[in-house]
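Notes follow once the structure below has been shown.
Please treat every number below as a calculation from the coordinates, not as lab data. As the structure is a computational prediction, the values presented were derived from the model and not from experiment. Counting neighbours? That spans all protein chains shown, and the Cβs are built from the backbone with ideal geometry, glycine included.
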Amino acid sequence: MDITLSQCFIAVDDHDKALAFYRDVLGLEVRNDVGFEGMRWVTVGSPAQPGVEIVLEPPAADPNASPADREAMAELLAKGLLRGVIFATDDCDATFAHIQASGAEVLQEPVDQPYGVRDCAFRDPAGNLLRFSQRRR
């Protein structure tokens with residue numbers, strides 16, 4: 001059996017701010033931009049990984065979600081508690097400098113971890129945790 005990752009989802013509260021970060025700062029390409037029932041989904045991905053997509057979705061994408069559920073999801077998103085993503089990079093320090101220069105919120109400066117990577121962490125404009133990891137050799 002051969003299983004590969006196809007898509008992952010990141011909740012965002014403002015797709016235009018998310019695009020400015022994921023496309024313009026991180027360099028991901030926009031692959032799809034779809035509106036449905038008053039909501040919007042934008043799919044981005046790395047040109048180096050054409051088979052893997054990140055779907056930037058509304059925090060409560062279920063059109064049947066109650067107003068209370070939508071509010072709870074928005075509160076969790078604002079606190080950065082919904083999802084986290086780890087990106088691989090070949091130069092953690094250069095990646096850190098580039099993202100920091102964009103004004104993104106720094107959570108952790110580059111550090112060598114005991115499990116064999118050098119990594120750093122930021123929050124995206126919606127508050128999601130993003131780590132950037134470089135394998136140490």
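So the values come out like this:
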{"quantity": "Cα-based helix-to-principal-axis angle, 92-101 vs the chain, degrees rounded to 10", "calculated": "50"}
{"quantity": "Order of LYS79, LYS17 - criterion: other Cβ atoms within 10 Å of each residue's Cβ, fewest first", "calculated": "LYS79, LYS17"}
{"quantity": "Formal net charge of residues neighbouring CYS92 (Cβ-Cβ distance under 9 Å; K, R +1; D, E -1)", "calculated": "-3"}
{"quantity": "Efficiency of FRET from Cβ geometry, LYS79 and MET39, R₀ 30 Å, rounded to 0.05", "calculated": "0.90"}
{"quantity": "Simple spin-label estimate for ALA72 and ARG135 in nanometres, 7 Å along Cα-Cβ", "calculated": "4.0"}
{"quantity": "Length-normalised contact order for the chain - Cα pairs under 8 Å, 6+ apart - percent", "calculated": "23"}
{"quantity": "Percent antiparallel among DSSP beta bridges (both partners in the chain, rounded to 5)", "calculated": "70"}
{"quantity": "Per-residue [θ]222 nm for the chain (sum of -39500 (n - 2.57) over DSSP H runs n ≥ 4, rounded to 500)", "calculated": "-5500 deg cm²/dmol"}
{"quantity": "From the coordinates shown, log10 I(q)/I(0) by the Debye sum over Cα atoms at q = 0.12, 0.21 Å⁻¹ corresponds to which of (1) -0.51, -1.33; (2) -0.74, -1.16; (3) -0.42, -1.16", "calculated": "(1)"}
